[in-house]
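Worksheet for the structure shown next.
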Amino acid sequence: MKKREYKNIMVTGGSGFIGSNFIHYFFEKTNSKANIINLDKLTYAGNPNNLTEIQNKYGNKRYFFYKQDICDFGGVNKIFQEHEIDCIIHFAAESHVDRSIFGPKEFIESNIMGTFNLLEVARQNWKDRQDVLFQHTSTDEVYGSLGDTGFFFEDTSYDPRSPYSASKAASDHLVSAYYHTYGLPVTISNCTNNYGAYQFPEKLIPLMIMNMMEKKDLPVYGDGKNIRDWLFVEDHCSGIWAIVTAGRYGETYNIGGENEWENIKLIHEMCKIMDERFPENAPHNKLIVYVKDRPGHDRRYAINCDKIKNELGWTQSVDFAAGLRKTVDWYLDNQEWIDNIRSGEYLKWIEKNYERR
């Protein structure tokens, strides 16, 4: 099958964790000659510093950045037309489950209405074109919670348990509806937990690394035995690119790490790495504290990703042990990035909402 090629790719949320990693992957690992147009509202989790190297090398040549809210139809439409967009890769989303529990409104607005706006811009401009694509990036959390066995498949019924996952489920359904109703060329991906460089430190792995660096408590929800499947972010990016260039229109593809860890065991593993890096502060696991469990906390996620492997030839390339060490070392080596991030208001929010058990 001949792979699809594009001229102008709009990446939403391109200054966030996965979006910025994708843009790095695109310029450093693919042979595409397309331009990248990055739209990011630059909320607390969007960081232009994630793309300094890309900006310096490709800025205003093949890389264009716009501080733009995807909920603003007129603003998005103007950029879309100016750059003659023929592909949208949609990452932009509010994504932190805890924040969705305490303040769901932003999640409904960004994840549902923002996706709707993008779909409408694409539909109105592309009309009946079939040489274009709307790639919607979603999460395995839309499927709900698993027991001790079994896996999520692409045809698993949706059963979201938090305002975040419900908002992503709604956006998934909107994207699928635009394919079936209007014939809009779309693909959808649902991924497991990502880890790697540039991840905002409200998420488990960077939060634990940074807290260990500062000798702070390592908060663990409930009994710590909730299980997540971990996917190295660069492997996720290669999966997205495989879908964008060769995925079948109207199809959903699961992208997983096939790498399940109990939260508490993962934290102990990170503590061991930090013990090696900073033996004078060992053992780091003495910092572990158990906190009140999160409402609606899904017990286990695990994804079957045979479809993307069999159809598109994708596979994971990074061993988890190596990926975790690489991630820890990235945070240790990028103190200035951390200092810029941690000067924000999110620390006050963390301290307020993580109640000790």
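Quick note: the coordinates plus some simple rules give every number you see, no bench work behind them. Every value quoted in this text rests on a predicted model; they were computed, and no experiment measured them. Glycine also receives a Cβ, built like all others from the backbone with ideal geometry; neighbour counts cover every protein chain displayed.
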So for the chain: antiparallel DSSP bridges make up what percent, rounded to the nearest 5? 10 percent
From the Cα centre of region 58-114 to that of region 131-193, the distance in Å is 18 Å
Ranked highest first by the average count of other Cβ atoms within 10 Å around their residues, in what order do 16-24, 216-224 fall? 16-24, 216-224
Mean ellipticity per residue at 222 nm, deg cm²/dmol - from DSSP H runs of n ≥ 4 across the chain, formula -39500 (n - 2.57): -12500 deg cm²/dmol
Simple Cβ-charge dipole of the chain, Lys/Arg +1 and Asp/Glu -1, about Cα centre, in debye nearest 20: 360 debye
Roughly how many Å is it from the Cα centre of region 224-250 to that of region 1-48, as a whole number? 15 Å
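For F153 and N281, what does the FRET efficiency come to when R0 = 51 Å and r is the distance between their Cβ atoms, rounded to the nearest 0.05? Display every interim value, and only then the final one.
Numbers: r = 43 Å, r/R0 = 0.85.
Efficiency, rounded to the nearest 0.05: 0.70.
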Could you give the length gained by full extension between E28 and K57, i.e. 0.36 nm per residue of separation minus their alpha carbon distance, to one decimal place? 9.3 nm
Trypsin sites (Lys or Arg not before Pro) within region 36-90: which are DSSP loop residues with at most 15 other Cβ atoms inside 10 Å? K61
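Highest mean first, what order results for 198-210, 83-95 on Cβ atoms within 10 Å? The partial results should precede the final answer.
Values: 198-210: 21.2, 83-95: 23.1.
Result, highest mean Cβ count within 10 Å first: 83-95, 198-210.
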In Hz, Karplus ³J(HN,Hα) per residue of region 188-200 (6.51, -1.76, 1.60; θ = phi - 60°; x = Gly, Pro): 10, 10, 10, 10, 8, 4, 8, 9, x, 6, 6, 7, 5
Contour minus Cα-Cα span, R294 to R248, at 0.36 nm per residue, comes to 12.8 nm
Given a Förster distance of 51 angstrom, what is the FRET efficiency for N125 paired with T315, based on the Cβ-Cβ distance and rounded to 0.05? 0.90
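Just subtract the alpha-carbon distance of Q335 and E214 from 0.36 nm times their residue separation and send over the number in nm, one decimal. Walk me through the numbers on the way to the answer.
Values: separation 121, 0.36 × 121 = 43.56 nm, distance 1.17 nm.
Result: 42.4 nm gained on full extension.
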